Each structure stands twice: as C-alpha cells, then as structure tokens.
Amino acid sequence: MAVTFREVFSSPRVRFVWLSCMLAFWGVRPGYCQQKEQTPQQTNEKIQQLAAIAHARPADSPIGSGDLLHIDVLDIPELTREMRVTESGDISYPLIPGKIAAAGITPFQLEEKIEQLLIENGLVTHPQVSVFVKEQVSQPITVVGAVARPMVYQVIRPTTLLEVLANAGGITDNAGSVVTITRSRGPSVEPIAARSDPRPAASDSKAATNDPPVDPAPDARIITIQLQDLLESGNAAFNISVYGGDVISVPRAGIIYVAGAGISQPGGYVVQEHGQQITVLKAVALAHGLTGFAKANDAVIFRRNQVTGQKDLIPVRIKEIEHRKTEDVPLLSNDILYIPDSAGKKALARGAEAAVGIGTGLIIYRGGSL
C-alpha cells in the first residue's frame, strides 16, 4: 500500500528525527550538553587565535612625552630631523619660533601643524611633511596577575585586550574567571556589552581573590570582563580597545587540590566563581567522584596553618556527609583533599605527605562554574 509523505511525516518519532538532523546540520547542540573542560594550554591557544583575527581598526595613536619622532620635509633635507618630545609635550623645530605642542595629537595632525607653521613663517611655499614615531615610550599598558609574562606593553597602534593578553603569553593555570582594566586616562568609551552584570564597577573591584586589592587613582574607572565572555561568546564587544595608561589585571583564583587513589581524577580545580564557597562534596564531584575502592570516611584535608606555617590535618568522613549524618566541610584556597583507597589505608600518612609534596604540581582543571 502506498504511503504519502504527509502520512510519514505525521509520525511524532519521524518529526523528532528530522528536527534533530536539522539542528545537527546547523551546528545546534542540545542545551543539556556540558561544556568540555579546557586546559590552560587550550585556553591560551584560543587567546592567540582570537587575537590574530580581532585586530583593532587602523588609526594613529597619539604622540606622548618621551616619544622619538622622525620628521621629514620632502625635497628639503635640511629640515629633516629626529627629535624627542619633552616632558612638557613640546618639540623645537628649526627656524620656527617657540615650541610646538606635540603630545596628545596624532602624527598626521602634527604633520598638518608643521606644514601650516612653515607656510606662516615664509619658509616653504608648499611643504609636504611626514612624521613617523620612531620610538614610542609614552603609551604603556601594564599587564599583571595570573599571566605567563607580566609586562609593560607599549602601544604603537590601536590595540585590543586579546592582543595584549596574547603578548603576555596568555593566562596561567591559576587564573580566575575575570579580567579587570583600570583606566585612569585616555578614551572614556566603555561598551555596554563589556560588562556581564548590572552591578556598578566599584562592586566588581571588590571581588574576592588571592591578589591584593587594587588601589586605583581617584579618577580611575575599573572595567570588568568575564573570561568566558571574552573567549566563548563570539561577541567582539567584549574584546575592548585598550590604551596607554591602562592596567590589565588577571586576578588569581582559588585552587583546591584533590589527591589520592580513592578519587577518579586527581588534580587541582580552579574555583571559577569568586566568593562562592566550595565544599568537600563539590570537590569530589569536580574530580568525577570516588573510585570503587575509596575509603571515603578516612579522607583528610591538609591546610596550611596561618600562624605556625605548618600543615594541619583535618579528618573528613565523606560517606557520613553524603548521608547527611554530618555537615559538609568548607574548603579554602590551596587546601589538599586526600582520599585513600583500601590498599592505601595503612599507608595514609606516607601517601598524604606525598600528596602535599606534589599538590602544586597536579594538573589544573578549568571546568565550568560550580
């Protein structure tokens, strides 16, 4: 018996299969798919790739104090000079009386100014002046925090946040989830999309991190951008332009370490959300759960005593926590949660000492938010 297309397509199962195929064709994945964990190397490779394709629009950077300029007048070699801009932002040019203000304007604007002065002083009838910034030292961007190479980056052209992070070698494995830009001067334009939440900038600057608090100048503004927005959203508005005088900081996140033969995936786990309390059960979940031979009630936490500098040992009974017989135990940054297995129970002390020794050498996982 012949079956029409309408009859076939009327089946709910067929419609579901057809819709799934169409979604797959257009690159849409179901919402329940979890984001894969990325290693710091993968994150930095993405920073390099995005920086290469997201250059700022071409434009001249302003001249500043201390910059070395090469000034050339076509067909008049006697007026060709190299000169450094003074601290007051001026230059002196042959046969032109007084000082020429150069700081704060672009090389193109300085060319026009010198041409006009040459005509006004009767020196050249139709001058053609070119100005080239041979050495620029007036536009430093300071990059600090959890980056591979903290540095001072000199801006010689319009530059984006990703380009500066790429030049600093990318982020380290203990980087937090945000980037902050402290801006005390320069353009005041801040894309609305650059902020991931409606809170004022002052509250953003108080996020809990392991770094000392920033003490910006009274007129400074702090722009906070989520790393996930910058790298994953595909929205170019997050890759904001940065300017001389900016301070880019990648605060360090809290890291807890889970070690021992009783855990499925030992390693260090970055606490992505600042201020969010991570507990023993959350740490076990991040480490993909216990193994079948884990001695969960023999687990211990190694925590540095701030007074003595020694490692304190805190017993943890994970099974009792799971069955709500005792309270979940909060973890602090740099804590080591050690979970032995059956075979290693007798060697707990020796194994725990080894865990403390290799704690900072464990692989760091940067999963999603807790």
Open item on the list: Could you derive backbone 3J(HN,Hα) for the stretch 228-245 from the dihedral phi with the Karplus parameters 6.51, -1.76 and 1.60 (θ = phi - 60°), listing whole Hz in sequence and x where the residue is Gly or Pro?
Closed with: 5, 5, 5, 9, 10, 6, x, 8, 5, 5, 6, 7, 6, 6, 10, 9, x, x
- [ ] With a 1.4 Å probe and every protein chain left in place, work out the accessible area per residue of the stretch 229-269 in Å², rounded to a whole number.
- [x] 28
Task: Placed amide H near residue 270: partners under 5 Å, 5+ positions off or other chain - done: 365, 367
TODO: Could you sort 326-338, 114-126 so that the peptide with the highest average Cβ count within 10 Å comes first and the rest follow in order?
DONE: 326-338, 114-126
TODO: May I ask for the equivalent-ellipsoid semi-axes of the stretch 288-335, computed as the square root of five times each C-alpha gyration tensor eigenvalue and listed largest first in whole Å?
DONE: 23, 12, 9
- [ ] Beta carbons within 10 angstrom, averaged per residue: use that to sort the peptides 236-246, 130-140, highest first.
- [x] 236-246, 130-140
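The values are calculated or read from the model by the stated rules, or taken from the named source; none is laboratory data. Quick caveat: nothing in here was measured; it's all calculated off a predicted structure. Every residue, glycine as well, gets a Cβ built from its backbone with ideal geometry; the counts of neighbours run over all protein chains shown. For accessibility, only protein heavy atoms count, side chains too; no ligands or nucleic acids. Shrake-Rupley method; radii C 1.70, N 1.55, O 1.52, S 1.80 Å.
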